[in-house]
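See below for the structure under consideration.
The values are calculated or read from the model by the stated rules, or taken from the named source; none is laboratory data. Computed from a predicted model, the values in this text were never measured in an experiment. Here the Cβ is made from the backbone with ideal geometry for all residues, glycine too, and neighbour counts use every protein chain on show.
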Amino acid sequence: MARILSVFLALFIASAAVAAPVEQRQVGDLACNVDRFKIVTTLASTGSAVGKINGTDPTIATQVTAAQAGLTSSGEGIAAIALALVTGKDAPAPARIQVKQGLLDAQSALGNITDPTAAASVATAQTSLAAAIVDGNAVVADCK
């Protein structure tokens, strides 16, 4: 997860330096780029929070694995979007859908963890994930 986000962050930063004409890229304004940065950082925070959920119970471990898979999928979608933007292309619709679905999959998996011994760490992960979803919605709204 961290590797994917590191790659995306590097591509995101590089996108500001690409010499393609502005009209050919979805570089976005300041608000758009802040939103992009925020989803990357909150996705990383969410991954860290999910990793802190005690997965010694097999049922919890299964849901933690599913949540991590959703976050990884979202990160891969973000990386695909960043690569497209860096190369002067529009963000591919399938990658945007992948980001959304990955977030929803992680949300569903975390919602399935009902063990009271994991409640505090699950709540932390859910709060972070909710922030990532808000940040993703801001990207959709601000990056046209």
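Somewhere in segment 33-45, is a residue more than 19 Å from residue 127 (Cα to Cα) and not polar (S, T, N, Q)? Explain how you work it out, then say what you get.
Going residue by residue through segment 33-45, those that are more than 19 Å from residue 127 (Cα to Cα) are 33-34.
Retained after the next criterion (residues that are not polar (S, T, N, Q)): 34.
Yes.
If we keep just the residues of segment 99-117 that are charged (D, E, K, R) and part of a helix (DSSP H, G or I), which is farthest from the chain's Cα centre (by Cα)?
Pass one, segment 99-117, residues charged (D, E, K, R): 100, 105, 115.
From what's left, part of a helix (DSSP H, G or I): 100, 105.
Numbers: 100: 8, 105: 12 Å.
Within segment 99-117, the match that is farthest from the chain's Cα centre (by Cα) is 105.
Mind listing whichever residues of segment 70-98 are among the hydrophobic types (A, V, I, L, M, F, W, C) and either outside any helix (DSSP H, G or I) or touching a residue at least 40 places away in the same chain (Cβ under 8 Å) (or both)? Let's see the steps before the verdict.
If we filter segment 70-98 for residues that are among the hydrophobic types (A, V, I, L, M, F, W, C), which is where we start, we get 71, 78-86, 91, 93, 95, 97.
Passing the criteria: 71, 78, 79, 82, 83, 85, 86, 91.
Surrounded by fewer than 20 Cβ atoms within 10 Å (Cβ to Cβ), of a type in the set (Gly, Ala, Ser) and at pLDDT below 95: which single residue out of 131, 119, 123, 138 fits that description?
Numbers: 131 fails: at pLDDT below 95; 119 fails: at pLDDT below 95; 123 fails: at pLDDT below 95.
Residue meeting the stated conditions: 138.
Considering only segment 46-65, state which residues are buried (at least 17 other Cβ atoms within 10 Å of the Cβ) and modelled with pLDDT of 95 or more.
Step one: filter segment 46-65 for residues buried (at least 17 other Cβ atoms within 10 Å of the Cβ), giving 46-47, 49-50, 53, 55, 60, 63-64.
Within segment 46-65, 46, 47, 49, 50, 53, 60, 63, 64 qualify.
Quick check on segment 72-79. Is at least one of its residues modelled with pLDDT of 95 or more, in contact with an Asp or Glu (Cβ under 8 Å, 6 or more places away or on another chain) and not aromatic (Phe, Trp, Tyr)?
yes
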